[in-house]
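K.L.:
Sharing a structure, written as structure tokens. Questions coming.
The values are calculated or read from the model by the stated rules, or taken from the named source; none is laboratory data. In this text, all values refer to a predicted model and were calculated from it rather than measured experimentally. For neighbour counting, all protein chains shown are included, and Cβ atoms are generated from backbone atoms with ideal geometry for every residue, glycine included. Remember, those area values only see protein heavy atoms, side chains included, never the ligands or the DNA or RNA. Shrake-Rupley method; radii C 1.70, N 1.55, O 1.52, S 1.80 Å.
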Amino acid sequence: IFRSLNTKTRIISHQEIRTDEAMTISCRMTERRFVHNGLELNLASTIESQGRILWECVQTFLYRGRFGQADQAERQNEMAVIDDAPLIDEWFLPEGLGFKFAKISGDSNGIHYNASYAKLFGFERDFAQPMLVLPKALELISGKANGNRLDICFKGPVYYQRRVQVRGASIDEGFRFNISCEGNPKPCICGLLANQTDC
């Protein structure tokens, strides 16, 4: 799994999950695509209770390499550009959080807490697990947007010992936001918070 890269995630919250209900959690691979730079796999997870889907998530993982000819209908890892979106907030991301978060999340890849190890893979240093940074951004935009569907594109590392910025704006589909890291002019994480109407 350490050879794969999570490039996209969609999370849909259909209903509130109560603390007292019995749940069934399932995961399965739903799609496989050959793309120009490797192989993409979709991993779908659902939480159900008494036949009702409460929550679902589809994560797209990329395995780099040559596996076959790219599919004709290759989907792009892009979101609509939000030019000149206003700054919502920024914070400093200190080092030393990656190993603690790895014990909680299970994402124990050394690139998230060992700078020397991360450099072996071409990174500047260790960088935060995306799910460590994302909740802070969602908390910051919570007063500006709401929704039950979250689409995320992971585009680059959010390094420790850097300032992190969140910018966002309302668009027709919902609320678009970018998370960027000091020293990188391009967004590291792009997100869309919207309403899924068929819940």
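K.L.:
Per residue of the chain, what 222 nm ellipticity follows from adding -39500 (n - 2.57) for every DSSP H run with n ≥ 4, rounded to the nearest 500?
P.N.:
Working: 3 runs with 26 residues, N = 199.
Only helices count here, giving -3500 deg cm²/dmol.
K.L.:
Under 17 Å from the 7 Å Cα→Cβ point of Gln15, by amide nitrogen: which residues of region 53-69?
P.N.:
Those under the cut-off are 53-57.
K.L.:
I'd like the accessible area for Ile17, computed on protein heavy atoms only with a 1.4 Å probe and all protein chains in place. Round to 10 Å², please.
P.N.:
70 Å²
K.L.:
Subtract the Cα-Cα distance of Glu124 and Ala70 from 0.36 nm times their separation in residues, and report this length gain in nm to one decimal.
P.N.:
Gain in length upon complete extension: 16.4 nm.
K.L.:
Take Glu95 and Lys136, extend 7 Å from each Cα along the Cα→Cβ direction, and tell me the distance between the two endpoints in nm.
P.N.:
A separation of 1.6 nm, rounded to one decimal place.
K.L.:
Comparing Asp151, Asp71, Asp172, which has the greatest mean-square fluctuation in the GNM of the chain with Cα pairs linked when under 10 Å apart?
P.N.:
Judging by the Gaussian network model, the answer is Asp172.
K.L.:
Using alpha-carbon pairs under 8 Å, 6+ residues apart, how would you state the relative contact order of region 160-199 in percent?
P.N.:
Averaging sequence separation for qualifying contacts and normalising by length gives 32 percent for region 160-199.
K.L.:
Something else: Provide the gained length on full extension for the span Leu87 to Ala44, in nm with one decimal, where the gain is 0.36 nm per separating residue minus the Cα-Cα distance.
P.N.:
12.2 nm
K.L.:
Once you have a ≥ b ≥ c as the square roots of the Cα gyration tensor eigenvalues for region 11-89, tell me rounded if a/c is under 1.5, and otherwise prolate or oblate according to whether a/b is larger than b/c.
P.N.:
Note, shape of region 11-89 comes out oblate.
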